[in-house]
Each structure stands twice: as C-alpha cells, then as structure tokens.
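Shown next, in structure tokens, is the structure this report addresses.
The values are calculated or read from the model by the stated rules, or taken from the named source; none is laboratory data. Since the model is a prediction, treat every value here as computed from it, not as a measurement. Backbone-built Cβ (ideal geometry, glycine too); neighbour counts: all protein chains shown.
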C-alpha cells in the first residue's frame, strides 16, 4: 500500500467515525430531555474518575486480543468469525487448569494461558481444515462452531467444574496462584495489558518482517497468484486461522484470570464480534488495533455511564458501530477521492537527476 493509499484510508476511517458520532449526537439531542447532560456523560464520563478510565482500559484488553486475532485471519482473506468461540473455549480451558492444577504462582497462570491458547487454536483451525479438505465456507462453519463452543463449554462447567454450593451455574473458585496480579491499584487492570502490548509488537513484526506473514498478506491479496508463485496457500489458510484462534484463546484466558475468581459466564461474552469491528477500524494492522480497541471501549463505557445517569439507553452505541462499519465497508464511500489520488500518483513525472 502506497503512502497516498494509507493517507486515504486514514481520512476515510476518520470521516466515517465523525459522521457516525454526528448522527448519534443528533439522536441524543432529539430524544433526551436533557441532551447537554447526556452528551456530557457520554463524551466525558470515562474521564471523570480514575475508576471509569480504568474501566475503559479493562475493556480495551480483550478487544485488543480479538482484534489482532481477526486481523490475522482477515489479512489472509479468511473470514473466520470463530474468535468469539475461541475466546470462550480458551477461557474454559484456562479455568480447568486454574481449578485442577497446583502450580507455583508464576507458572500456574502461564500454563493456564498456554493451554487456553492451544485449545483456541485447535478450535479455529477446524473451519480451516474443513475449507481445505472439503471446500466448506469458513464463514458459515466458524459461526456454527461458536455455538458448539458455547454449549460444550457450559456442559463442561455444569458437569465437571460446577460449584454446587454457589447457588448458580458457576465453577469452583480458581486457585489463588492462577489469578493474574493486578497492575494498577483500585482497578481490575491486570498484567494482561503487558501481554497485550507485547502481542501487538510481535504480531506486527510477524506480519511485516517474516516470510510467513508475507505469505499471509500475499494469499489474502491474490490467492491464485500466490499459488502460481509456489506458495502453499492451503497451509497459509490453515496456519493463519490457527494463529488467530491461538490469540483469541489467549485473550479469553487472560480476561478470565485477570478479571474473575471463578468462571461465571452464562452467555458468549461478545468480544469476538467486537473484534471484527476493531479489525475493520484498524484496517487489519496490528499497530492500529490498540487505538481502535481503545476507541470502542471508550464508546462502550461512555454509553454505559450515560445510560445510568441520563434518559438515553446505552444501546444507541450500536448505532455508532453500525454506521462506522457501513461507511468503511462501502467501497463507493469517497471512491472519487481515491480515484483522484490513484490518477495523480500514476501520472506523476519521474524524478530525474540534475546536470553534473
């Protein structure tokens, strides 16, 4: 991607966000009895206290993991939406280790996270194998497998890890050695944020500086050309989705061990679906994923604060998300401006050296 194209995508995404926010603000002005207070809570609520800003960072962590997971798979041209199931089943696997294993404090969470990552990679690898072997759509199979992960995970919790004395369908308490330590006092921000930061750097280096990442990008851009160039596109299809599942499973494990003391999810947490939004906003670039994750987390926390202190429900944030996705995904949005940039670059005169 040339510099002009990168600038275009930044402008396009920024304008889509601005339009979506403008539409949302207009709706608040129309439906709220006190729109000034509602807008203040929405825009500034996440910044009005240390705890609220901590909530933004807490939500940003799992979104970073699923955003990178989706970005890797989408870059390869694989529309695997199994990050939701990989996140959930990875958390189930981490809970199993946290409950049943007795290990030293540092080793215990590492083993749980690695096991969750392994299970997540296997889970997202199944749609890839089905596509390579039998040509099945990874989009359809991954969506179906999300619910297999959900119901199978609840089965494991209910029949093998459930605490019957808790009065609800929750697991036994995790061993204290498995819980990730908190990094910031008076918040639930764990050391998982350091893992997320390291993952962003590693993912970018992998995609930009390794031959495996280059094969992923080339396959996603043109699978036929990649095949004719000697790249085993079937292996790229499989390992890109396995890597994505591993990252999603890692995110689920870290979210569970960093935020909870037992497994208590009764529904799919939704971070995998949100990861799609984050990946779209970041244009599948791992370096931009934290920015997109922070933006979405800020919207979510702001909408939650607004719904609690005003008459505007927090569901209206879905309007913002939907508008952003529609505008970014619409190929005709700012298409004329993009064509002008391409024409200008193509007709630019070559630079020649001066006379000696």
### Query
Taking into account only those residues within region 221-237 that are buried (at least 20 other Cβ atoms within 10 Å of the Cβ) and touching a residue at least 24 places away in the same chain (Cβ under 8 Å), which is nearest to residue 275 (Cα to Cα)?
237
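Of all residues in region 167-186 being out of contact with any strand residue (DSSP E or B) (no Cβ under 8 Å at 6 or more places or on another chain) and closer than 11 Å to residue 99 by Cα, which is surrounded by the most Cβ atoms within 10 Å (Cβ to Cβ)?
Of everything passing the filter in region 167-186, 178 is surrounded by the most Cβ atoms within 10 Å (Cβ to Cβ).
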### Task
Return yes or no: is residue 270 closer than 25 Å to residue 128 by Cα, touching a residue at least 24 places away in the same chain (Cβ under 8 Å), within 14 Å of the chain's Cα centre (by Cα) and crowded, with 24+ Cβ neighbours inside 10 Å?
no
### Summary
Exception for residue 99 within (1) in contact with a strand residue (DSSP E or B) (Cβ under 7 Å, 6 or more places away or on another chain); (2) buried (at least 22 other Cβ atoms within 10 Å of the Cβ) falls at (2)
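Being over 30 Å from residue 38 (Cα atoms) and modelled with pLDDT under 75 is the requirement here; does residue 248 meet it?
Working: over 30 Å from residue 38 (Cα atoms): yes; modelled with pLDDT under 75: no.
Criteria not met by residue 248.
Here's the yes/no breakdown for (1) without any contact (Cβ under 8 Å) to a residue 24 or more places away in the chain; (2) out of contact with any strand residue (DSSP E or B) (no Cβ under 9 Å at 6 or more places or on another chain); (3) surrounded by fewer than 17 Cβ atoms within 10 Å (Cβ to Cβ):
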| residue | (1), (2), (3) |
| --- | --- |
| 121 | no, yes, no |
| 125 | no, yes, no |
| 136 | yes, yes, yes |
| 139 | no, yes, yes |
| 148 | no, yes, yes |
| 151 | yes, yes, yes |
| 155 | yes, yes, yes |
| 158 | yes, yes, yes |
| 165 | yes, yes, yes |
#### Entry: Which listed residue is surrounded by fewer than 21 Cβ atoms within 10 Å (Cβ to Cβ) and touching a strand residue (DSSP E or B) at 6+ places or on another chain (Cβ under 8 Å), from 264, 307
264
